[in-house]
Amino acid sequence: MTTIKQIAEELGVSPTTVSNVINGRTGKMSLETRRKIEEALWENHYETAGKSSGASSGENMIAVGFCMGGYCNVLTDPFCGELLGAIQKAAKEQGRYIVYDVPETEEDMLRLCAPWNIDGAIVLGWKPEECARLAKKTGKPMVFIDSCFADSEEYDNIGLQDYEGAFELTSYLLRLGHRSIAFFCDQEQPLASNGERLRGFQDALLGFGLSFCRDDFYYLPENKTMRHEVLRQFVRKSGKRYSAAFFVSDYYANEAITIFYSKGLRVPEDISVTGFDDNIYARLSRPALTTVRQLPEEKGRQAVSLLMKRIRGEETPVRSLALPTELIVRESTRAVIPDLPLPLP
């Protein structure tokens, strides 16, 4: 087996530095050095007897991976910040600490989970079709968040009643008289939670005798400049066609409100706008945002609770938990008179 000294010599660092990475003591270490050492440990399949020969539970860690595409700092999203804080608090109560990263590839995620003192992982944003395979590759317990196919029983996932929340919000807009509603999403082919929100949106339309048109679907790119251009083009070319807009997150809804106002499209006088999450943006924006409330803190607590059961080897069936949502009505929506009155569902 490759030794710490051999890895240190290969990388040009001290054995103490390698040992610090193995034991999770990386607070003062540069990100580049830590990643270089973690990659070497992973490539050399490094193992240690420390875990089975007296390492205290306080040294053991839970890896947290936020797989959010090209976002430079996912913690600027209030949902991610609240979720991470809840995971950290719940893990500490269980005698564990967290190591957090933003993996961009499967190899990044495997390296994050590789150190011996990583007992398991909580992962947000992983593609649903790849979750079971990733969990098998790591060989450690994993709980995913918002990565569920409908009725999936292949891996543990803590999700949300996204379908029900979107259905209720869209039905509310329809009861206000809106008949032309644009749907904005940050995935061209919506998956997992976004897929369920789109499905709820579509089914609510059907309940009012309306069909979903793909022309009413607007893709919001990761790149902020491109995303803002999509919103500006919407105002110029399509703003007059719609009386309401459904956004898959509060963050995007509030970005849109700012762009709309800058281009003379008033909310809610000219167009009603809704979000999803009920984060700090929804509560502080003007006008305050009509949205669907979810509780990131509960997602974090449930994820840690389920992961700890797996770590301890408790008999627990594979769980796909969907937490409830709540419609929150505020100032960004208003009633309109429909062109063709339709009966309520």
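The values are calculated or read from the model by the stated rules, or taken from the named source; none is laboratory data. Fair warning: this is a prediction, and the values are worked out from it, not measured in the lab. In this analysis, Cβ positions are derived from the backbone assuming ideal geometry, glycine residues included, and neighbour counts consider all displayed protein chains. To get the accessible areas, we keep the full protein, side chains included, count just its heavy atoms, and leave off ligands, DNA and RNA. Shrake-Rupley method; radii C 1.70, N 1.55, O 1.52, S 1.80 Å.
How many residues does region 154-206 contain that are closer than 19 Å to Leu295 by Cα, crowded, with 20+ Cβ neighbours inside 10 Å and polar (S, T, N, Q)? Give the steps one after another, and end with the answer.
To start, the set of residues in region 154-206 that are closer than 19 Å to Leu295 by Cα comprises 156-169, 192-194, 196-197.
After this cut, where a residue has to be crowded, with 20+ Cβ neighbours inside 10 Å as well, the list is 156-160, 162-163, 165-167, 169, 192-193, 196-197.
Retained after the next criterion (residues that are polar (S, T, N, Q)): 157, 193.
Residues flagged as closer than 19 Å to Leu295 by Cα, crowded, with 20+ Cβ neighbours inside 10 Å and polar (S, T, N, Q) within region 154-206 amount to 2.
Tyr100 fulfils the conditions (1) closer than 22 Å to Arg312 by Cα; (2) outside any loop (DSSP other than H, G, I, E, B); (3) open to solvent by less than 30 Å² (accessible area, probe 1.4 Å); (4) of a type outside the set (Lys, Arg) except for a single criterion, (3). The set of residues in region 187-230 being closer than 23 Å to Arg266 by Cα and outside any helix (DSSP H, G or I) consists of Phe217, Tyr218, Tyr219, Leu220. Only one of the numbered conditions (1) under 24 Å from Ser147 (Cβ atoms); (2) modelled with pLDDT of 95 or more is not met by Glu314, and that is (2). In region 114-150, the qualifying residues are those that are open to solvent by 10 Å² or more (accessible area, probe 1.4 Å) and assigned to a helix (DSSP H, G or I), and the one that is farthest from Asn60 (Cα to Cα) is Glu129. With respect to (1) closer than 29 Å to Leu306 by Cα; (2) under 19 Å from the mean Cα position of the chain (by Cα); (3) of a type in the set (A, V, I, L, M, F, W, C); (4) assigned to a helix (DSSP H, G or I), the lone exception for Phe167 is condition (2).
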